[in-house]
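The structure under discussion appears below in the form of structure tokens.
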Amino acid sequence: MYAQLVETGATRLRAMEEMDPQERAFQSRVDDGIKIEAKDWMPEAYRKTLVRQISQHAHSEIVGQLPEGNWVTRAPTLERKAVLLAKIQDEAGHGLYLYSAAETLGVSRDQMLGDLHSGKAKYSSIFNYPTLSWADIGMIGWLVDGSAIINQVPLCRCSYGPYARAMVRVCKEESFHQRQGYDILLKLCNGTPEQKQMAQDALNRWWWPALMMFGPSDGDSPNSAQSMQWRIKLFSNDELRQKMVDQTVPQAEYLGLTIPDPKLKWNEERGHYDFGEIDWSEFYNVIQGNGPCNRDRLRTRVKAWDDGAWFRNALVAHADKQADKQAQQAAA
Ligand code: 3HC
């Protein structure tokens with residue numbers, strides 16, 4: 001669908017001959033797989049797209065800690081608690097890594113966080129759903145981090161150097177996140193009937209929102225065509241979504257869980273699973289701020305920011321004092 005959009009010109013991309021020499025040289029570098037670095041010339045629209053995507057990616061990592069944090073004190077064993085804490089700490093690190101990558105494009109941390117707190121910037125829709133049982137923590141690892149890996153591995157090869165390099169470490173840690181989630185579900189599915197039912201209930205609630213993580217269908221994606229010409233996006237939303245379905249269905253079968261989609265069926269001819277229609281009204285409702293937990297997530301992030309003001313101010317005061325001291329020593 002995406003490819004047709006570009007062919008029919010429904011998504012207007014400028015051909016090389018329409019570009020000025022500087023932009024043509026830029027596009028040739030991108031086409032040749034040469035990384036664009038922070039100091040290189042880039043079209044302002046390329047920079048803006050990267051700031052939008054990388055900052056929202058970072059917001060997703062930071063907000064993504066909240067649904068999981070809900071279960072740290074309720075983890076069933078000390079070991080599960082330790083593993084969950086390690087995962088949540090990783091996500092914080094991913095967020096900071098990505099904010100740093102975005103800062104190489106000239107945007108400040110305060111600006112990005114201000115956009116998040118004001119509701120102007122997005123973060124992944126998936127984190128606006130509640131975690132109602134311990135099985136949800138398994139689902140987040142297996143489905144959400146599993147989807148994140150599918151979406152993030154190509155980003156390791158994207159055209160912008162700082163983003164691509166940040167993704168390498170993030171993806172390695174995501175593999176641990178997905179494994180620990182699947183391990184939680186293996187335990188539940190091999191446990192009592194009640195535990196298995198808990199896992200099935202969680203799958204029923206998380207399956208479709210996990211498919212929505214990959215974004216609108218290609219025909220409705222305003223950014224994909226340009227992001228693919230700039231090799232920020234190497235695969236379309238629907239291609240990655242299909243990859244997630246194909247990869248996950250056998251794993252669900254191994255767990256003995258039923259995916260809540262009566263239209264899910266292997267299509268030998270396509271070599272993929274056919275699956276039902278996503279409820280796009282739910283997706284757009286959630287990304288417009290009306291999901292089950294949007295307000296709670298934002299309120300929590302704003303409170304954390306406000307509560308940390310004293311610490312930020314103390315750091316700045318200390319840095320200023322150090323700078324004054326060094327200036328006096330230099331003048332002496
Ligand atoms: N949640 C919220 N907003 C979404 C979304 C989602 N799942 N999918 C798409 N959108 C938004 C886009 O941001 C865009 O809005 P904007 O122009 O105001 O930013 C609009 O919907 C149209 O979507 P497009 O597909 O045209 O936009 P993109 O080309 O930016 O593609 C994307 C969307 C696939 C999410 C892309 O931005 C991307 O790959 N981002 C990097 C990866 C990322 O952010 N993943 C989120 C999960 S991170 C995570 O899960 C952490 C893990 O450790 C748990």
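A few points about this structure:
- Of the residues contained in region 144-154, one or more are found to be acidic (Asp, Glu), open to solvent by less than 10 Å² (accessible area, probe 1.4 Å), out of contact with any strand residue (DSSP E or B) (no Cβ under 7 Å at 6 or more places or on another chain) and at pLDDT 95 or above.
- Scanning region 51-89 for residues that are among the β-branched types (Val, Ile, Thr), within 21 Å of Ala304 (Cβ to Cβ) and more than 13 Å from the ligand (Cβ to nearest atom) yields Val72, Thr73.
- If you go through region 190-237 and pick out every residue that is open to solvent by 70 Å² or more (accessible area, probe 1.4 Å), of a type in the set (D, E, K, R) and either under 28 Å from Gly33 (Cβ atoms) or in contact with a strand residue (DSSP E or B) (Cβ under 8 Å, 6 or more places away or on another chain) (or both), you end up with 1.
- Filtered by the rule that a residue be in contact with a Pro (Cβ under 9 Å, 6 or more places away or on another chain) and either small (Gly, Ala, Ser) or away from the ligand (no atom under 16 Å from the Cβ) (or both), region 292-322 gives a lone residue, Asp296.
- Any hit, region 289-302, residues being exposed (fewer than 13 other Cβ atoms within 10 Å of the Cβ) and more than 26 Å from Gly114 (Cβ to Cβ): no
- Exclusive hit being under 13 Å from the mean Cα position of the chain (by Cα), of a type in the set (Asp, Glu) and within 13 Å of the ligand (Cβ to nearest atom), set Asp145, Asp115: Asp145
- Considering only residues in region 219-234 that are near the ligand (Cβ under 8 Å from one of its atoms) and small (Gly, Ala, Ser), the one that is nearest to Tyr46 (Cα to Cα) turns out to be Ser227.
- Region 303-314, residues that are surrounded by 10 or more Cβ atoms within 10 Å (Cβ to Cβ), over 22 Å from the mean Cα position of the chain (by Cα) and part of a helix (DSSP H, G or I): Lys303, Asp306, Arg312, Asn313, Ala314
- Gly141 fulfils the conditions (1) at pLDDT 95 or above; (2) open to solvent by 30 Å² or more (accessible area, probe 1.4 Å); (3) assigned to a helix (DSSP H, G or I); (4) of a type in the set (Gly, Ala, Ser) except for a single criterion, (2).
The values are calculated or read from the model by the stated rules, or taken from the named source; none is laboratory data. Just so we're clear, the structure is a prediction, and the values are computed from it rather than from any experiment. Ideal geometry is used to build each Cβ from the backbone, glycine not excepted, and the neighbour counts take in all protein chains shown. The protein model used for the area step is the full one, side chains on, heavy atoms only, and it has no ligands, DNA or RNA in it. Shrake-Rupley method; radii C 1.70, N 1.55, O 1.52, S 1.80 Å.
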